[in-house]
Amino acid sequence: MIFWRLCLCLCLFLGVLMACTPDKPVFKAIDLTGADYALGFELPDQNGQKRTLADFKGKVVVVFFGYTQCPDICPTTLSEWVQVKKALADKGDLLQAVFITLDPERDTPELLKAYMANFDPSFLALIPPVSDLPELAKSFKVYYKKIPLTGNADSYTMDHSAGTYVYDTNGRLRLYARYGLGPAAMTADIAQLLK
């Protein structure tokens, strides 16, 4: 009889303990909470203003690396972030999209202003100096490579990673969204980060 009372007390105690423990969020993207890379940036945007993650405190920041002449991955990703922002409705202004060019030789501030305007006026493009790009890409574990096109020595395309880093409202790296995850899954993840 005493054994059963002890078991019952233990079960009640564990039940109360579990009820008091907050649930860890389950994300659709890869949870990178606590990762020691992709910790930030200090780069000029398309308007010449220096930007860091601290500029966006209180917002969820999504960071994507690409280039304006990308035929598919880059415009698709930016279009999906437009859809996520709209799906967040009244919380959409708490999402800040940041596009970092991997082609600063061709992606001038003027070109990036026009490119970003095609998606959302609040989206920012950052332009690393050509000499700093290798170190920046390495710090984010981003792959990129210039691929010359045959027949024209000045013409090339860029091969590059296709994921998005997501930072919470305190500027901490939280998620990595692989290309193709889709706007519905990302909207759900961003909504959790905005709670």
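Cross-link candidates for LYS141: which lysines have Cα within less than 21 Å, leaving aside residues fewer than 8 places away along the same chain?
Output for LYS141: LYS28.
From Cα pairs below 8 angstrom and at least 6 apart in sequence, can you work out the relative contact order of segment 106-195, rounded to a whole percent? Please report the intermediate quantities before stating the final value.
Values: 66 pairs, mean separation 12.3, N = 90.
It rounds to 14 percent for segment 106-195.
Going Cα to Cα from LYS113, which aspartates and glutamates come in below 17 Å? Please leave out same-chain ones fewer than 8 positions away.
The reachable aspartates and glutamates, counting only those whose Cα sits under 17 Å from LYS113, are ASP45, ASP103, GLU105.
So what's the back-of-envelope 222 nm ellipticity for the chain, counting only DSSP H runs of four-plus at -39500 (n - 2.57) apiece and dividing by all residues, rounded to 500? Before the final figure, lay out each step's value.
Numbers: 5 runs with 61 residues, N = 195.
It comes out at -10000 deg cm²/dmol, rounded to the nearest 500.
Under 22 Å Cα to Cα from LYS138, which lysines show up? Leave out anything in the same chain fewer than 8 places away.
Counting by Cα, and skipping residues close in sequence, LYS138 has these lysines nearby: LYS50, LYS146.
Can you check what the net charge comes to around ARG178, using other residues whose Cβ is under 14 Å from the Cβ of ARG178 (Lys, Arg +1; Asp, Glu -1)?
On the way: positive: LYS28, LYS141; negative: ASP31, GLU80, ASP189.
Net charge around ARG178: -1.
Evaluate the relative contact order of segment 28-193 (contact order divided by residue number), counting alpha-carbon pairs under 8 angstrom at least 6 apart; express in whole percent.
Numbers: 299 pairs, mean separation 59.2, N = 166.
Taking the mean separation of contacting Cα pairs over the length of segment 28-193, I get 36 percent.
I want to check the label-to-label distance for LEU39 and LYS24. Put each point 7 Å from Cα in the C-beta direction and report it in nm to one decimal.
The modelled label-to-label distance comes out at 2.2 nm.
What share of all Cα pairs of the chain, in percent, falls into each consecutive 5 Å distance bin?
Using 5 Å bins, I get a P(r) of 1, 7, 15, 18, 18, 13, 7, 4, 4, 3, 3, 2, 2, 1, 1, 0, 0, 0 for the chain.
In nm, to one decimal, how far is the ALA89 label point from the LYS50 one, both placed 7 Å along Cα→Cβ?
Between ALA89 and LYS50, the simple spin-label model gives 4.1 nm.
Computed from the coordinates by the stated procedures, all read-outs in this text should not be read as laboratory data. Computed from a predicted model, the values in this text were never measured in an experiment. Cβ: placed from backbone, ideal geometry, glycine included. Neighbour counts: every protein chain shown.
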